[in-house]
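For reference, the structure is listed below as structure tokens.
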Amino acid sequence: MRKTYSGKYKVKKPEKYKGDPLTVTYRSMWEKNAFKWCERNPAIKWWNSEETVIGYICGTDKKPHRYFIDLTIKYIDGRVLLVEIKPDIQTRPPKRKNLNESLAYIKNISKWKYAKRYAADRGYGFEIWTEHTLESKGINTKSFKYKVSKTKLGKKTWKSFKSL
């Protein structure tokens, strides 16, 4: 299993962050880049990460849990948007018969059902941003800076991407 890219995010514009700017944590490179996008976007009045908590009953164990929304965004025009950032593959039912993937998908569906209801009750929007959504907004989804290639002799070489 791959190690997840995570860490503390240093908020550059604390006046634009609603919550404690010293405790912001990203759990993926996509989240980190979405945070940067929120800070730079002039159409956003404020944003926060994992400050909105929604109670839900999980479809796997039928027990109550807490769902921490990845991003809550308030636009200058007054709209509020709750955002979950997930790879596209995790937003669809698994193709393989894999128990862990199936349970994760059921858990996600449960969370999103309650998030949609929570958002609708308050007049908010709820969106799931995949890599395709992020790219369409101009948010970088590449998580590495180098490309590995092999020479004719089988030796590995590392080449820097020019776009990054």
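Nothing in this text is a laboratory measurement; each read-out follows from the coordinates by a stated rule. Keep in mind that this is a model prediction, so the values were computed, not measured. Every residue, glycine as well, gets a Cβ built from its backbone with ideal geometry; the counts of neighbours run over all protein chains shown.
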Name the single residue, out of those in region 23-52 being buried (at least 21 other Cβ atoms within 10 Å of the Cβ) and of a type in the set (Gly, Ala, Ser), that is nearest to GLY78 (Cα to Cα). SER49
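Looking at region 76-96 only, could you name the residues that are in contact with an Asp or Glu (Cβ under 8 Å, 6 or more places away or on another chain), assigned to a loop (DSSP other than H, G, I, E, B) and farther than 18 Å from PHE35 by Cβ?
Across region 76-96, the qualifying residue is only PRO94.
For the subset of region 66-82 comprising residues that are out of contact with any helix residue (DSSP H, G or I) (no Cβ under 8 Å at 6 or more places or on another chain) and not basic (Lys, Arg), which member is surrounded by the most Cβ atoms within 10 Å (Cβ to Cβ)? Give the derivation first.
Within region 66-82, the subset out of contact with any helix residue (DSSP H, G or I) (no Cβ under 8 Å at 6 or more places or on another chain) is 66, 68, 72, 74-79, 81.
Filter once more, so that each one left must be not basic (Lys, Arg): 68, 72, 75-78, 81.
Details: PHE68: 13, THR72: 21, TYR75: 15, ILE76: 11, ASP77: 7, GLY78: 8, LEU81: 18.
That would be THR72.
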The one condition TRP112 fails out of (1) out of contact with any strand residue (DSSP E or B) (no Cβ under 8 Å at 6 or more places or on another chain); (2) buried (at least 16 other Cβ atoms within 10 Å of the Cβ); (3) hydrophobic (A, V, I, L, M, F, W, C) is (1)
